[in-house]
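Contents: one structure, followed by commentary.
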Amino acid sequence: MKHPPATALFLCLLLSVVCYLYYPAAGGPYVVDDIPNLVENDSLVLKDIRFDSLRQAALSSPASQFHRPLAMLSFAANYTLAGDKSSLSVKITNILLHLLTGLGIYLLTAGLLPRFLNQAEVPDVPYQVRIAALLVSGFWLLHPLFVSTVLYSIQRMAILSTLFIIYGCLCYLKLRRRQLEQDRGMPGLILGCSLFTLLAFLSKENGALLPGFLLLIEVFCFNFRFHPQAHTRSGVFLGTFLIVPPLLISGYLLVSFGLHSGEALAPYSFTPWERLLTEARVLWGYAGWLCFLNPEPMGLYHDDLMISTGLATPWSTLPAVAGWALVLGLTAWLVRTRHIVAFGLLWFLWGHCLESTVLPLAPMFEHRNYQPAYGLILVLVTLILHAMTSITGRQTLRWGTILCLFVLIPCLSLQARVDDWRDRKSLTLALLRDKPGSAQSLIMVAQFLLDAGDYQNALLAVREAQQLDPEEPSHILAEAVIQCHANREAAFSEGLSARLRGLQVSSNVSVNTIRQLRQMIPVCQASRPNGDTLLVLYERLSQYRDNRLAMLSLYGSGTIHMQRLQYAEVVRDWEQAITRDADAVGLTTAIDWAREQVRQGQGEATR
């Protein structure tokens, strides 16, 4: 499809508006997972461009066992070119990637819609297709739900994964049309889409979903039709390429569910079955936010979500499950006619199949919609366009309503959310305003008050968080950090000392626990009673299988022994720390010095 100058002008205007709305928060704060992945990750500032330094940067993320190397290399490029770890260059890059993804969504929509021309709901002339594509991409780009993806620095992983998925679909659409019309391009199609799948996966694991999206495009837009002179096995090759990966992913999820259906998903207390029930409610919440029908405020944290322990607990679980059963039934019925509603719903559900089913992840995060939202927005825009055309013939009323729904309301909502992300204070106040029942929001408030020197209110915030989530170990460590900042020489309160000595950490250690432990070590060891308490804590934590946790505990134990001039124990602890985590290799010089002190002490004892 050719795109006339007017369309290009509208696209440029749209991208400029999105950039203008996001830019005021480009210098906003790092939050949560940004800290261990970016701020505390010195591997991302490259002193030279060598294979070893690039490999270390690429594999430096603790967010996943696959390390998401492509995303981490992009951060390394940001920091190395900027010369520091300022959030400005990172967030500007995120905004530009968001715009590039939105452009891809326009091109993909303009390419897909003509393939649905057998349906009355779909635009049937080129200019109508371009208008629909502009509205889909505009609504997606301006949607306020994605503020916590674009401005949450580490979520570049989700942005890059979606970017490669969208352009992978574009690649498939172009080469598949060529193959259908000219019997050319099948090897390039499979190779190109495999490359895009790999790039998406190396950014974030849900990039592995790309073949499933391509399968949807094939079924709804091409129906496995080929050029009359195509090789007889073309369908076999293409079908294998498209069908096998979704089958493997579905099998993996089913096996995971079967093996662990009755077990709690560490570090959480819910089982896979309970998470699946909960996700039925969560997906309706996502759909409500995407359609502006969810009355709950959007936010960075959703740990105040009630887990579904049965179909009647809470009561909304059964209606949510029944609702999705109806949706799946409707989708199955519409698939027969290759209806665009079925396409969009399946896109949305397939996009959520990894992060919103049975895997051991937190139940709810807004950034999980960045990729699946396209399907729901495509359905919403095309149906409303069709409805407005059917309801009224008055152009002014029709386009006024459409622009209000898909441009004005998203613009105003986006600006309001971006304002919350301008700086740390405004974000903290927004979290407290929108999520007062969230323990994680209260911990962020406590950290802000701690940094401002308001220790009393910081303690109140962290203790309220403990009441909301008494099993979370990082909240107890956070209280210790605040008490020590208030008075480094004072001993822990009796209750806090007992809780630290008996602290239990799940086998899957959270980022928050690591962060609080890292903050606690330098400030909480000045008094001897605190040191004794922490030695008990560190001894237990050093036995955990998590190498980061064990290394920090051994490091903390060594610093206490160093303070007490117990050099043999320092050598023992820090040598073990190096064996548990290579990041502790910087202790080598200090170990050599402590070992020399041990030798000198032995010499004096001999004399």
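The values are calculated or read from the model by the stated rules, or taken from the named source; none is laboratory data. Being a predicted model, the structure only gives us computed values, none of them experimental. Every residue, glycine as well, gets a Cβ built from its backbone with ideal geometry; the counts of neighbours run over all protein chains shown.
For region 50-95, a residue qualifies if it is touching a Phe, Trp or Tyr at 6+ places or on another chain (Cβ under 6 Å) and at pLDDT 90 or above, and the qualifying residues are S87, I95. Restricting attention to region 412-465, which residues are aromatic (F, W, Y) and either outside any helix (DSSP H, G or I) or farther than 22 Å from S153 by Cβ (or both)? Passing the criteria: W421, Y455. Inspect region 471-480 for any residue being more than 24 Å from the chain's Cα centre (by Cα) and either among the hydroxyl-bearing types (S, T, Y) or in the same structural domain as S153 (by TED's automatic domain parsing) (or both) and give the result as yes or no. Scanning region 471-480 turns up no residue that is more than 24 Å from the chain's Cα centre (by Cα) and either among the hydroxyl-bearing types (S, T, Y) or in the same structural domain as S153 (by TED's automatic domain parsing) (or both). Considering region 487-505, and only residues there that are touching a residue at least 24 places away in the same chain (Cβ under 8 Å) and over 34 Å from the mean Cα position of the chain (by Cα), the residue that is surrounded by the most Cβ atoms within 10 Å (Cβ to Cβ) turns out to be F492. Among the residues that make up region 273-283, is at least one of them part of a loop (DSSP other than H, G, I, E, B), surrounded by fewer than 19 Cβ atoms within 10 Å (Cβ to Cβ) and not aromatic (F, W, Y)? Looking for residues that are part of a loop (DSSP other than H, G, I, E, B), surrounded by fewer than 19 Cβ atoms within 10 Å (Cβ to Cβ) and not aromatic (F, W, Y), one finds none in region 273-283, hence no. Elements of the type helices (runs of 4 or more DSSP H) sitting completely within region 34-117 and holding at least 1 residues that are touching a residue at least 60 places away in the same chain (Cβ under 8 Å) and among the hydrophobic types (A, V, I, L, M, F, W, C): these cover 69-82, 87-112. Restricting attention to region 558-574, does a residue exist that is under 30 Å from A362 (Cβ atoms) and assigned to a helix (DSSP H, G or I)? So far as region 558-574 goes, no, none of its residues is under 30 Å from A362 (Cβ atoms) and assigned to a helix (DSSP H, G or I).
Counting the residues of region 369-389 that are over 20 Å from the mean Cα position of the chain (by Cα) and of a type in the set (G, A, S) gives 1. Residues that are farther than 30 Å from L38 by Cβ and either surrounded by fewer than 14 Cβ atoms within 10 Å (Cβ to Cβ) or modelled with pLDDT under 90 (or both): does region 554-563 have at least one? Yes, some residue in region 554-563 is farther than 30 Å from L38 by Cβ and either surrounded by fewer than 14 Cβ atoms within 10 Å (Cβ to Cβ) or modelled with pLDDT under 90 (or both).
Under the condition of being among the small types (G, A, S) and not in a helix (DSSP H, G or I), the residues counted in region 1-33 number 3.
Kindly establish whether L346 is touching a residue at least 60 places away in the same chain (Cβ under 8 Å), touching a helix residue (DSSP H, G or I) at 6+ places or on another chain (Cβ under 6 Å) and part of a helix (DSSP H, G or I). Outline the logic, then answer.
Numbers: touching a residue at least 60 places away in the same chain (Cβ under 8 Å): yes; touching a helix residue (DSSP H, G or I) at 6+ places or on another chain (Cβ under 6 Å): yes; part of a helix (DSSP H, G or I): yes.
Spelling it out, L346 is indeed touching a residue at least 60 places away in the same chain (Cβ under 8 Å), touching a helix residue (DSSP H, G or I) at 6+ places or on another chain (Cβ under 6 Å) and part of a helix (DSSP H, G or I).
Restricting attention to region 301-338, which residues are more than 26 Å from the chain's Cα centre (by Cα) and at pLDDT below 90? Selection gives R336, T337, R338.
Residue-wise test of (1) within 21 Å of I105 (Cβ to Cβ); (2) crowded, with 23+ Cβ neighbours inside 10 Å; (3) not polar (S, T, N, Q); (4) not assigned by TED's automatic domain parsing to the domain that holds L113.
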| position | (1), (2), (3), (4) |
| --- | --- |
| F164 | yes, yes, yes, no |
| C169 | yes, yes, yes, no |
| Y172 | yes, yes, yes, no |
| M186 | no, no, yes, no |
| S194 | no, no, no, no |
| L199 | yes, no, yes, no |
| L202 | no, no, yes, no |
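Taken over region 177-193, the criterion of being assigned to a helix (DSSP H, G or I) and either touching a Leu at 6+ places or on another chain (Cβ under 9 Å) or over 25 Å from S234 (Cα atoms) (or both) is satisfied by R178, Q179, M186, G188, L189, I190, G192, C193. The single condition from (1) over 27 Å from G262 (Cα atoms); (2) at pLDDT 95 or above that Q395 fails is (2).
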